[in-house]
Amino acid sequence: MTLVKEAPARPAKKRSAAPVAGRRGRRRENLAGYLFMSPWIAGFLLLTAGPMIASLYYAFTSYNLFTPPRWVGLDNFTTMFQDPRWQKSVQVTLKYVVVATPLKLLLALGVALLLAQKRRGQVLYRAAFYLPSLIGASVSVGFVWRALFSDDAVVDRAQKVFGLDVGGWIGNPDYVLYALVALSIWQFGAPMVIFLAGLKQVPQELYEAAEMDGAGPLRRFWNITLPMISPVLFFNVLLESIHAFQVFGSAYVVSDTRCGPADATLVYTCYLYQKGFKEAQMGFASAMAWTLVVAVALVTAVLFWSQKKWVHYEEAAK
């Protein structure tokens with residue numbers, strides 16, 4: 001009879017303390033990160049997310065700041081779409097966006113092309129052209145702009161030299177919006193800097209090869225410069241379009257808080273301000289605000305969809 005010896009039992013392996021210590025270390029790092037982020041998180045929840053959620057609720061209520069909100073469903077949106085002044089504000093805003101945004105970007109790109117060439121005093125020129133973007137949104141500049149385009153002011157006298165007698169633009173419903181467009185174009189410094197950064201990334205070998213093939217300046221610009229800076233152009237178009245939809249300060253100050261005359265500068269946000277803070281119709285104003293959010297989101301979606309046809313990325317080319 002054969003005896004089978006039992007194998008000695010192996011001692012149980014001790015669980016390593018390294019993974020546990022590693023997890024504890026990661027938890028401490030995460031806790032420290034959240035502590036450092038806590039001021040931003042609190043600010044976002046209290047000053048951004050909270051008011052947005054509250055305004056979404058108020059958009060479906062009748063609320064005047066003095067009495068508790070009363071649920072009215074879609075009545076604010078129905079009244080808004082039938083309001084002639086709301087329709088006027090949409091028309092004025094769309095006209096402003098369509099006119100101001102392309103002209104501003106064209107001027108920014110043109111100046112960027114000039115500043116991309118090596119010449120003396122480049123730093124001074126860049127600072128001088130960028131300066132209006134820093135001060136252009138201030139209330140004081142709005143008052144100065146209003147003074148420039150008033151009756152018998154600088155612009156009025158200058159246009160009379162060329163035989164144009166239309167008076168001051170501020171009091172003329174046919175021209176006052178173009179004063180706001182001129183103020184927007186004057187603040188071309190920010191997109192100019194972005195264009196300039198994009199132009200610096202274009203390889204000079206492409207221009208040299210095209211010049212050797214006999215391509216002129218216009219052909220080099222159309223076939224090399226524009227395709228190479230198309231991502232930067234897309235970014236500027238997107239950013240400036242969103243900013244144009246949100247225009248308020250210049251329209252409110254230049255028109256002496258009237259958004260006129262004859263509602264000529266009644267941009268969307270100006271009418272929203274009037275309904276919310278002058279007429280105390282916060283429910284209606286909240287409905288307007290969320291309609292603007294949806295409209296800007298749709299415009300952004302269309303721009304992102306269209307970029308597949310005209311924006312060229314190096315990764316896609318590879």
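The values are calculated or read from the model by the stated rules, or taken from the named source; none is laboratory data. Everything numeric in this text was worked out from a predicted model, so none of it was measured. Heads up, the Cβs are rebuilt from the backbone with ideal geometry, glycines too, and the neighbour counts pull from every protein chain shown. Side chains are part of the model used for accessible areas, which takes the heavy atoms of the whole protein and leaves out ligands, DNA and RNA. Shrake-Rupley method; radii C 1.70, N 1.55, O 1.52, S 1.80 Å.
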Roughly how much of L177 is accessible, in Å² to the nearest 10, using a 1.4 Å probe? 10
So what's the angle, to the nearest 10 degrees on a 0 to 90 scale, between helix 84-115 and the longest Cα principal axis of the chain? 80
When the chain is treated as a Gaussian network with springs between alpha carbons less than 10 Å apart, the largest mean-square fluctuation among Y63, Y268, Y125 is found at Y125
Nearest 20 debye, what's the magnitude of the dipole of the chain about its Cα centre given +1 on Lys and Arg Cβ and -1 on Asp and Glu Cβ? 2040
What accessible area, in Å² to the nearest ten, does a 1.4 Å probe give for E211? 120
What order do K88, K309 take when sorted by accessible area (1.4 Å probe), most exposed first? K309, K88
Rounded to the nearest 10, the angle in degrees between the Cα long axis of helix 139-148 and the longest principal axis of the Cα atoms of the chain comes to 30
Rg to Rh for the stretch 235-318: what is it, with Cα atoms only and Rh by Kirkwood? 1.15
Cα centroid of the stretch 262-318 to Cα centroid of the stretch 202-243, whole Å: 29
Local net charge near D213, Cβ-Cβ under 15 Å (Lys/Arg +1, Asp/Glu -1): -1
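How much net charge surrounds M192 when only the other residues with a Cβ under 10 Å from the Cβ of M192 are counted, with Lys and Arg +1 and Asp and Glu -1?
Surrounding charge for M192 is +2.
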If ligands, DNA and RNA are left out, what is the accessible area of D151 with a 1.4 Å probe, given in Å² to the nearest 10? 110
Considering the dipole of the chain built from charges on the beta carbon (Lys and Arg +1, Asp and Glu -1) around the Cα centre, which of Y34, F284, N172 is farthest to its positive end? Y34
What is the sum of charges, Lys and Arg at +1 and Asp and Glu at -1, for the other residues whose Cβ falls under 15 Å from the Cβ of L103? +1
Under 16 Å between alpha carbons - lysine pairs in the chain that sit 8 or more apart or on different chains: 4
Looking at the chain as a GNM with Cα springs under 10 Å, which of V144, V254, V90 has the largest mean-square fluctuation? V144
Please find, in a Gaussian network model of the chain (springs between Cα atoms separated by less than 10 Å), the residue of N236, N172, N223 whose mean-square fluctuation is greatest. N223
Step by step: find N for the chain, compute 2.2 N^0.38 Å, then divide the Cα radius of gyration by it. What's the final number? 1.49
How many Å³ per residue does the convex hull of the Cα positions in the stretch 66-218 occupy? 249
Taking 8 Å as the Cα distance limit and 6 or more residues as the minimum spacing, I'd like the relative contact order of the stretch 190-318 as a percentage. 24
Under unit Cβ charges (Lys, Arg +1; Asp, Glu -1), what dipole magnitude, rounded to 20 debye, does the stretch 21-142 have relative to its Cα centre? 780
